[in-house]
């Protein structure tokens with residue numbers, strides 16, 4: 001009996017796919033140098049990196065290419081990988097090398113787009129907006145640190161009077177423009193990268209769920225209708241790792257993030273709203289993020305809940321949040337509304353490491369994964385080829401495992417978010 005096919009959610013992105021390619025289901029026993037489980041940005045780009053190095057690679061996904069967060073997110077291409085200050089205990093050289101991962105990750109995405117001529121509506125420019133003095137001070141401090149460390153792109157602070165020239169909302173007291181960040185169509189990027197990987201010889205199988213991993217000198221990955229024997233395994237399931245590896249599941253907390261897409265605004269109204277066509281994001285923990293699509297829709301998203309359950313009435317609730325930022329948009333029709341899980345880590349640091357000598361993993365991008373996933377893929381591929389030991393540096397951070405897996409992590413995360421809501425509230429009074 002065939003399993004029911006899992007298709008992309010009904011999003012604006014799924015409705016505007018450049019080229020629909022269906023990859024086969026694995027129905028035999030095969031072998032490879034590397035098997036990668038999870039065909040989001042991390043898995044696809046790890047495969048792409050390894051294929052360029054000449055490795056024989058198999059990539060499988062339980063659903064479709066980019067089905068998870070990689071194909072559903074806000075499309076914000078933002079610089080930054082992790083908090084380098086967490087690594088300062090091991091010396092300034094290591095802290096600097098970790099910071100540089102974030103400084104370089106957006107350029108890595110641009111290089112991939114250019115190399116494989118991927119059409120994904122790439123636009124340059126990002127403004128992070130502050131709702132209160134505490135958040136503005138955070139931006140000032142970050143600008144100073146990034147410039148001190150040698151960021152190659154321009155960072156520009158704007159005050160309350162200037163920010164209205166970029167975002168037509170009275171909610172913000174200032175912000176910071178990052179010329180090194182921007183926005184794009186994430187699903188078309190992921191699909192384009194997968195096509196490039198396939199063209200380089202990567203064997204891709206969709207609707208092929210990894211049911212069991214048998215470690216060893218050669219790892220055996222069992223699926224419903226076949227198996228893969230591989231010298232190396234990469235686990236890139238992220239928020240959807242599920243029961244495949246309980247240890248990795250306990251290290252993350254699935255959080256639901258949702259987006260709406262309005263009807264097209266038209267050029268004039270779109271330019272009035274976000275005049276420079278930048279991606280926008282606030283600094284709240286329960287944040288709002290938004291941008292214009294290529295056809296001038298407003299894509300407005302927000303972190304929703306931390307239970308991992310998809311909420312009801314996404315369009316109504318996000319419309320309310322959108323009108324809090326842009327009251328004049330009350331007449332707009334909502335054409336698309338969708339959601340999905342992202343994997344949040346306790347430290348808000350991506351988790352990269354080895355489970356055994358030949359089983360690698362990467363997860364926990366905490367909702368900021370478009371660019372960092374590409375850097376993580378480069379790091380993992382380079383670890384497999386023994387060309388770069390950055391994975392050993394990043395794995396020095398010991399990640400907390402929540403007891404009881406999903407039964408404990410959701411209540412724990414809810415309590416944590418109450419704390420952060422209170423923190424956001426107190427900051428707003430400063």
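The values are calculated or read from the model by the stated rules, or taken from the named source; none is laboratory data. None of these values were measured; they are calculated from a predicted model. Counting neighbours? That spans all protein chains shown, and the Cβs are built from the backbone with ideal geometry, glycine included.
Go through region 107-147 and count every residue that is assigned by TED's automatic domain parsing to the domain that holds residue 167, in contact with a strand residue (DSSP E or B) (Cβ under 9 Å, 6 or more places away or on another chain) and free of Cβ contacts under 8 Å to residues at least 40 places away in the same chain. Matching residues across region 107-147 total 6. Taken over region 138-163, the criterion of being surrounded by 14 or more Cβ atoms within 10 Å (Cβ to Cβ) and over 26 Å from the mean Cα position of the chain (by Cα) is satisfied by 158, 163. Here residue 313 fulfils each of the conditions (1) touching a residue at least 12 places away in the same chain (Cβ under 8 Å); (2) over 24 Å from residue 155 (Cα atoms); (3) surrounded by fewer than 21 Cβ atoms within 10 Å (Cβ to Cβ) apart from (1).
Put simply, of 369, 364 the only residue that is in contact with a helix residue (DSSP H, G or I) (Cβ under 8 Å, 6 or more places away or on another chain), closer than 21 Å to residue 11 by Cβ, modelled with pLDDT under 95 and buried (at least 23 other Cβ atoms within 10 Å of the Cβ) is 369. Report yes if residue 277 is touching a strand residue (DSSP E or B) at 6+ places or on another chain (Cβ under 6 Å), surrounded by fewer than 20 Cβ atoms within 10 Å (Cβ to Cβ) and modelled with pLDDT of 95 or more, otherwise no. For residue 277, the condition - touching a strand residue (DSSP E or B) at 6+ places or on another chain (Cβ under 6 Å), surrounded by fewer than 20 Cβ atoms within 10 Å (Cβ to Cβ) and modelled with pLDDT of 95 or more - is met.
Tally the residues that are surrounded by 17 or more Cβ atoms within 10 Å (Cβ to Cβ) and in a helix (DSSP H, G or I), restricting the search to region 109-122. Of the residues in that region, 4 qualify. Here 204, 221 are screened, and the one residue that is more than 20 Å from residue 357 (Cα to Cα) and either assigned to a strand (DSSP E or B) or not assigned by TED's automatic domain parsing to the domain that holds residue 337 (or both) is 204.
From the list 358, 245, the one residue that fits, being more than 24 Å from the chain's Cα centre (by Cα), in contact (Cβ under 8 Å) with a residue 60 or more places away in the chain and closer than 30 Å to residue 209 by Cβ, is 358.
Restricting to region 48-94, count the residues that are in a helix (DSSP H, G or I) and at pLDDT 95 or above.
So the count comes out to 7.
Residue count for region 15-41 satisfying the condition of being under 22 Å from residue 238 (Cβ atoms) and either touching a strand residue (DSSP E or B) at 6+ places or on another chain (Cβ under 8 Å) or in the same structural domain as residue 298 (by TED's automatic domain parsing) (or both): 10.
Listed by first and then second residue, the pairs linking a residue in region 26-41 that is assigned to a loop (DSSP other than H, G, I, E, B) to a residue that is surrounded by fewer than 20 Cβ atoms within 10 Å (Cβ to Cβ) and at pLDDT 95 or above, with Cβ atoms under 7 Å apart and 6 or more places separating them unless they lie on different chains, are 26/225; 26/226; 27/225; 27/226; 28/226.
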